[in-house]
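Everything on this sheet refers to the single structure shown next.
The values are calculated or read from the model by the stated rules, or taken from the named source; none is laboratory data. For clarity, every value in this text was computed on a predicted model and none was experimentally measured. Note: ideal-geometry Cβ built from the backbone for every residue, glycine included; neighbour counts use all protein chains shown. Heavy atoms of the whole protein, side chains included, go into the accessibility calculation; ligands, DNA and RNA do not. Shrake-Rupley method; radii C 1.70, N 1.55, O 1.52, S 1.80 Å.
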Amino acid sequence: MSLLSPHRRRLGPGRPIPLGAALGPVLLLAIWSVASALGWLDPRTLSAPWTVVTTTGDLIADGRLQDNLAISSQRAGLGLLFGVAIGTVLALISGLSRWGEAILDGPIQIKRAIPSLALIPLLILWLGIGEGMKVTTITLGVFVPVYIHTHNGLRGIDSRYVELGESLRLRTGTFLRRIVLPGALPGFLLGLRFAVVNAWLALVVVEQINSTSGIGYMMELAREYGQTDIIVVGLVLYGVLGLLSDGAVRLVQRRALTWRRTLAD
Amino acid sequence: MAAHAGGLKADAEDGPDMAAHAGGLMTDPAVRVEGLSRGFGARTVLDDLDLTIGQGEFVALLGRSGSGKSTLLRALAGLDRDVTGSGAVRVPRSLSVVFQDARLLPWQRVLTNVVLGLRGADAALRGRAALAEVGLEGREQAWPNELSGGEQQRVALARSLVSEPQLLLADEPFGALDALTRIRMHGLLRELCARHRPAVLLVTHDVDEAVTLADRVLVLDDGRIAIDQRIDRGQSATAHRESLLAALGVAA
Ligand SMILES: Nc1ncnc2c1ncn2[C@@H]1O[C@H](COP(=O)(O)OP(=O)(O)OP(=O)(O)O)[C@@H](O)[C@H]1O
Ligand SMILES: [Mg+2]
């Protein structure tokens, strides 16, 4: 008889691979480099990685990259800020009061069914083509997922905890701070991840319509001159920004939700 | 003392003036229930039930599953909802509930859970003391998930006693624990109750648990208190156990 416990098949995905997240992108980059070096890729179709790197250097040297990046980040940041604030407040109103839910939830579900980008023609008519329209479009794309997931999180708080709060005679403030907000936090953070993605997505679209600045504009201009290297720089930039912001939210998620042990940990 | 009947306030026949003189009369019972009825839809669960629990008295409540034990406890705790009924309920203002599940907030650390209902600057200090009393010193900063079932139930006990309640309402608090942990918890509960002297109403399924812990054992049947038996420590536990089992209609 063996003293060792019988070997049991683990049902979780297993140990995380160190730097596993970088594996896929590095592989992709390698294929791209090889294809360019061997001349399989026409530079007019897709510039070589090293051309993209030198172009990035040139763009930084003449300041175009920084300027466009700054204005793009500002738009995305403002839209995200307004969208998250509006989505959270609406979710709280609708999650904590039946009247709020009756009044707010319907219209927001309808808004959810209409892609924010489909509203651009109307927004241009109302707000013109300036920054207001751009930030509003991003805000509209951001607040919906924040609302949906935060509201869902609020509604999902176990009623037993509400009963606990009642039995302890918690004041409304304590109840919100200790039970409602932390209980809804996982939902809020999930919504935030979708929101960040939506913010960049909306940014791309608004910057390629009637814009005279931003990464999207830079790419649009490059298209007119057939400069695939600049287009790729823009794409990489969008990708990096998206990854960084998603990574930031995930970091916050991990920090804020240490009490949760999930399958992926 | 405060009187309440949850959402059924209109039916409670209490005067607010009770609060003024109740504190002075120590002979006043901790709990007084008169003509309490509760039902869900057409189904009557509690039917004109009367109950009195003295100050510091430890009462165990037995009864078949579905006999309305939890319903009675919730009525006393003022937690009843979706329920119809009438009757007067008088309970102390400072009461605590221990639920069948430990019901700790998973997103708050153990100490925060214990002091959840406390106010004032010394809350943390009192919380630490309460945790030490249940033998969980040093676990203040743990997450509830990191504790065993028995430890979680001890945290719940600490949370319910930290406010020094005059009445402790416990709904099968040890139902989910193994036999050994249960026995330890019995000792702990008895010790804590001897120290803090709250009146206790403990709902349980376990006749032995009732006989070991309580001064008085009630059996709820048909919506009323069918048996009200004082536990005489001079008499053997087996004798009580057998008479209760006989009364419950189970052959001993
Ligand atoms: N919210 C509710 N809605 C409808 N019926 C309910 C509700 N809560 C309890 N009941 C009914 O009331 C009766 C008494 O329930 P209660 O929970 O008080 O029983 P109990 O004595 O605590 O049982 P157990 O020992 O199984 O916990 C049961 O028949 C139950 O089906
Ligand atoms: Mg019950």
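The table for this structure:
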quantity	calculated
Residues of the range B:79-108 that turn out to be open to solvent by 30 Å² or more (accessible area, probe 1.4 Å), more than 8 Å from chain A (Cβ to nearest Cβ) and either more than 12 Å from ligand 1 (Cβ to nearest atom) or farther than 18 Å from residue B:50 by Cα (or both), as a count	7
Test for residue B:130: is it part of a helix (DSSP H, G or I), of a type outside the set (Asp, Glu) and either within 16 Å of ligand 2 (Cβ to nearest atom) or open to solvent by 40 Å² or more (accessible area, probe 1.4 Å) (or both)	no
Considering residues of the range A:59-88 that are free of Cβ contacts under 8 Å to residues at least 12 places away in the same chain and surrounded by 14 or more Cβ atoms within 10 Å (Cβ to Cβ) only, the residue nearest to residue A:145 (Cα to Cα)	A:85
Single residue of the range B:25-52 satisfying the filter (away from ligand 1 (no atom under 14 Å from the Cβ) and in contact with a helix residue (DSSP H, G or I) (Cβ under 9 Å, 6 or more places away or on another chain)) that is nearest to residue B:241 (Cα to Cα)	B:51
Some residue of the range A:150-173 being out of contact with any His (no Cβ under 8 Å at 6 or more places or on another chain), more than 14 Å from every other protein chain (Cβ to nearest Cβ) and crowded, with 22+ Cβ neighbours inside 10 Å	yes
Residue satisfying condition, being modelled with pLDDT under 90, open to solvent by 20 Å² or more (accessible area, probe 1.4 Å) and under 20 Å from residue B:32 (Cβ atoms), within set B:183, B:227	B:227
Residue B:249 open to solvent by less than 40 Å² (accessible area, probe 1.4 Å) and closer than 18 Å to residue B:68 by Cβ	no
Residue in the range B:37-70 that is nearest to the other protein chains (Cβ to nearest Cβ), counting only those that are out of contact with any strand residue (DSSP E or B) (no Cβ under 6 Å at 6 or more places or on another chain) and within 16 Å of ligand 2 (Cβ to nearest atom)	B:40
Meets criteria (surrounded by fewer than 19 Cβ atoms within 10 Å (Cβ to Cβ) and in contact (Cβ under 8 Å) with a residue 12 or more places away in the chain) for residue B:164	yes
Any hit, the range B:61-75, residues being open to solvent by 30 Å² or more (accessible area, probe 1.4 Å) and either assigned to a strand (DSSP E or B) or more than 12 Å from ligand 1 (Cβ to nearest atom) (or both)	no
Given (1) open to solvent by less than 70 Å² (accessible area, probe 1.4 Å); (2) closer than 15 Å to residue A:80 by Cβ, number of the condition residue A:218 does not satisfy	(2)
Hey, residue B:119 assigned to a loop (DSSP other than H, G, I, E, B) and either facing chain A (nearest Cβ under 10 Å) or within 16 Å of ligand 2 (Cβ to nearest atom) (or both) or not	yes
Filter result for residue B:204 (open to solvent by 10 Å² or more (accessible area, probe 1.4 Å) and of a type outside the set (Gly, Ala, Ser))	no
Test: residue in the range A:69-91 that is out of contact with any His (no Cβ under 7 Å at 6 or more places or on another chain), more than 25 Å from residue A:200 (Cβ to Cβ) and modelled with pLDDT under 95	no
Every residue from the range A:94-140 that is of a type in the set (Ser, Thr, Tyr) and either touching a residue at least 60 places away in the same chain (Cβ under 8 Å) or more than 16 Å from residue A:76 (Cβ to Cβ) (or both)	A:94, A:97, A:116, A:137, A:139
Condition met for residue A:263 (under 27 Å from residue A:16 (Cβ atoms), open to solvent by less than 30 Å² (accessible area, probe 1.4 Å) and modelled with pLDDT under 90)	no
Test set (1) assigned to a helix (DSSP H, G or I); (2) open to solvent by less than 30 Å² (accessible area, probe 1.4 Å); (3) touching a residue at least 24 places away in the same chain (Cβ under 8 Å) - residue A:190 fails condition number	(2)
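Every residue, every condition in (1) at pLDDT 90 or above; (2) over 17 Å from residue B:200 (Cβ atoms); (3) open to solvent by 10 Å² or more (accessible area, probe 1.4 Å), yes or no:
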{"site": "B:36", "(1), (2), (3)": "yes, yes, no"}
{"site": "B:50", "(1), (2), (3)": "yes, yes, yes"}
{"site": "B:54", "(1), (2), (3)": "yes, no, yes"}
{"site": "B:110", "(1), (2), (3)": "yes, yes, no"}
{"site": "B:118", "(1), (2), (3)": "yes, yes, yes"}
{"site": "B:121", "(1), (2), (3)": "no, yes, yes"}
